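Heads up, the thing below is written out as structure tokens.
The values are calculated or read from the model by the stated rules, or taken from the named source; none is laboratory data. This is a predicted model, so every value here is computed, not measured. Here the Cβ is made from the backbone with ideal geometry for all residues, glycine too, and neighbour counts use every protein chain on show.
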Amino acid sequence: MAIGKNKRLTKGRKGNKKKAVDPFTRKETYQVKAPSMFATRNAGRTIITKTIGTKIASEGLKGRVFEVSLADLNGGDEAQGYRKIKLVTEDVQGYNVITNFHGMDITRDKLCSLIRKWQSLIEAFVDVRTTDGYTLRLFCIGFTKKQSNQQAKSTCYAQAGQIRSIRKKMFDIMTEEASKCDLKELVQKFISMPESIGLEIEKACQSIFPLQNVCIRKVKILRKPKFDLLKLMELHGDSAEDTGAATDKIAAENTVEKLKGGGGRL
């Protein structure tokens with residue numbers, strides 16, 4: 001093609017410039033509500049694009065997972081700041097996002113601070129089913145510690161047979177603790193008494209090999225029962241059933257007596 005013949009190639013198309021639109025003008029904010037087992041119910045805010053045509057905003061929010069520090073959910077208790085709680089959106093009511101427990105983890109820096117040289121690290125995980133139909137996977141971690149008669153020795157390694165015995169105890173205690181209660185009670189154990197299961201494992205394994213820093217490292221929800229709005233509302237401490245306004249019985253009877261003498265039909 002000869003140079004200079006097609007002059008339209010050098011020119012831009014007409015009307016090519018678009019106005020820069022702020023994307024946040026098309027967004028709306030929703031309040032994230034944590035279940036009633038946590039001290040702080042307002043877990044934060046989330047944004048989503050407004051409903052446009054068939055794309056409904058509330059449907060886009062369902063299934064969204066939020067990761068919140070347990071210190072923020074438990075009224076600012078910094079001692080529990082290393083625990084991370086996952087909340088998943090189950091329902092949307094107005095501008096409130098109703099969430100449920102979805103999992104738990106600990107921060108990487110806390111995990112790294114526990115791991116040291118000259119000791120054995122023992123891990124175990126087990127799948128358990130709660131009484132209300134949730135299937136969870138619990139991960140436990142523990143470390144050996146020096147025995148009282150081991151002052152001269154710098155290491156405290158456990159033998160393979162001892163590690164197997166300790167792991168079996170971990171399986172049994174985690175299964176027993178989780179299978180005899182529902183999800184709400186189990187989560188309360190994790191947040192109000194986070195070291196209770198760990199201390200029980202330490203006590204049970206004392207005769208095999210002394211342990212330290214035993215804790216539930218991670219919790220995953222593998223399977224859930226069918227979605228039930230009434231159960232979700234019970235978990236949030238709200239009743240989905242409309243029971244009507246509370247009335248004063250004596251005041252109501254006095255009103256009836258006045259109306260009786262007023263004539264007309266009652």
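Quick notes
- Which listed residue, of 89, 46, 25, is of a type in the set (Val, Ile, Thr) and over 29 Å from residue 109 (Cβ atoms): 25
- Residues within segment 197-223 that are touching a Lys or Arg at 6+ places or on another chain (Cβ under 7 Å) and exposed (fewer than 13 other Cβ atoms within 10 Å of the Cβ), tallied: 1
- Scanning segment 1-56 for residues that are hydroxyl-bearing (Ser, Thr, Tyr) and either modelled with pLDDT under 85 or within 30 Å of residue 80 (Cα to Cα) (or both) turns up 10, 29, 30, 36, 40, 46.
- Taking segment 17-115 as the region of interest, the strands (runs of 3 or more DSSP E) fully inside it that hold 2 or more residues being in contact with a His (Cβ under 8 Å, 6 or more places away or on another chain) and touching a residue at least 24 places away in the same chain (Cβ under 8 Å) are 83-93.
- Within segment 148-178, considering residues that are surrounded by 13 or more Cβ atoms within 10 Å (Cβ to Cβ) and of a type in the set (Gly, Ala, Ser), the one farthest from the chain's Cα centre (by Cα): 158
- Among residues of segment 134-147 being polar (S, T, N, Q) and more than 19 Å from residue 102 (Cβ to Cβ), the one that is surrounded by the most Cβ atoms within 10 Å (Cβ to Cβ) is 144.
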